[in-house]
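Following: one structure in structure tokens, then a few remarks.
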Amino acid sequence: KRADAAERGSKSILESAILPGMTMEEINKKIAAEAELLIGLGSTEKDAAAFSESVYNAAYKEKMVYEFNVASLEEKQEMLTIMETQPLPGMTLSQTQGIRKSLKADYNSALAVTKGENNAVVSEVAELERILALGGMPSEKQIATLRQRADALGDQGAAARLAIADLEFNAENASVYR
């Protein structure tokens with residue numbers, strides 16, 4: 001009965017750890033309530049403390065991985081940097097490095113996608129520059145769409161934003177002289 005209660009409580013806490021807005025303080029309250037339930041069911045203080053520590057460490061890891069997955073590239077880089085020297089609660093530094101390695105792969109994949117999108121925007125801007133040079137005029141809608149895509153890239157979209165600014169400048173000058 002105690003084992004079932006511990007398993008249900010642990011599962012519930014881990015599920016709530018990845019809810020948006022959930023704090024470690026709220027998770028700690030849930031853990032304390034589950035530990036009290038276990039003591040009420042006849043567990044020893046030592047077993048309840050071991051349960052609490054185990055669930056806290058697992059919940060912290062789940063929450064950290066969730067926050068990593070929804071973070072911006074800059075925030076992900078910062079989290080990875082911290083994990084280089086600071087172990088996660090309940091883990092050794094080498095265990096933390098193992099998690100960091102898998103998260104780093106996710107980060108590198110997201111970074112590659114972002115760089116690809118930046119290059120695509122720059123390429124589309126170059127095509128609009130070519131149209132402008134041949135006497136055409138890019139539409140404001142096209143430029144606005146490209147600007148939105150570049151802004152969505154955060155720091156990685158600097159080259160795209162610069163190319164768009166040049167396009168806008170050249171389009172404005174072309175409209176004056178045509």
For the range 93-136, the Cα gyration tensor yields equivalent-ellipsoid semi-axes (√(5λ), largest first, whole Å) of 42, 5, 4
Using the Karplus curve 6.51 cos²θ - 1.76 cosθ + 1.60 with θ = phi - 60°, work out ³J(HN,Hα) for each residue of the range 42-58 in order, rounded to whole Hz, and write x for Gly and Pro. x, 6, 7, 4, 5, 5, 5, 5, 5, 4, 4, 5, 4, 5, 4, 4, 5
Would you mind listing how long the range 67-178 runs along its three principal axes, going by Cα atoms, in whole Å with the largest first? 68, 18, 16
Using a 1.4 Å probe, how large is the accessible area of residue 66, given in Å² and rounded to the nearest 10? 60
Cα gyration tensor shape of the range 139-178, rounded if a/c is under 1.5, else prolate or oblate by comparing a/b with b/c: oblate
What is the sum of charges, Lys and Arg at +1 and Asp and Glu at -1, for the other residues whose Cβ falls under 15 Å from the Cβ of residue 151? -2
Taking all protein chains in place and a 1.4 Å probe, what share, in percent, of the accessible surface of the range 86-155 do carbon and sulfur account for? 55
Using the scaling law 2.2 N^0.38 Å as the reference, what is the normalised Cα Rg of the range 7-131? 1.48
Vicinal HN-Hα couplings computed from phi for the range 17-22 (Karplus, 6.51 cos²θ - 1.76 cosθ + 1.60; Hz; Gly/Pro x): 5, 9, 6, x, x, 6
Keeping all protein chains in the complex and leaving out DNA, RNA and ligands, what accessible area do you get for residue 22 with a 1.4 Å probe, in Å² to the nearest 10? 20
Once phi is turned into θ = phi - 60°, what whole-Hz ³J(HN,Hα) does the Karplus curve with 6.51, -1.76 and 1.60 give for every residue of the range 133-141, x standing for Gly and Pro? 5, 8, x, x, 9, x, 7, 4, 5
Number of Lys-Lys pairs in the range 1-87 under 19 Å by Cα, sequence gap 8 or more or different chains? 14
Would you please report the Å³ per residue occupied by the convex hull of the alpha carbon atoms in the range 6-60? 58
Calculate for the chain the 222 nm mean residue ellipticity that helices alone would give, adding -39,500 (n - 2.57) per DSSP H run of length 4 or more and normalising by residue count, nearest 500 deg cm²/dmol. -28000 deg cm²/dmol
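The values are calculated or read from the model by the stated rules, or taken from the named source; none is laboratory data. What you see is a predicted model; the values in this text were computed from it and never measured. Glycine gets a Cβ as well: all are built from the backbone with ideal geometry, and neighbour counts include every protein chain shown. To get the accessible areas, we keep the full protein, side chains included, count just its heavy atoms, and leave off ligands, DNA and RNA. Shrake-Rupley method; radii C 1.70, N 1.55, O 1.52, S 1.80 Å.
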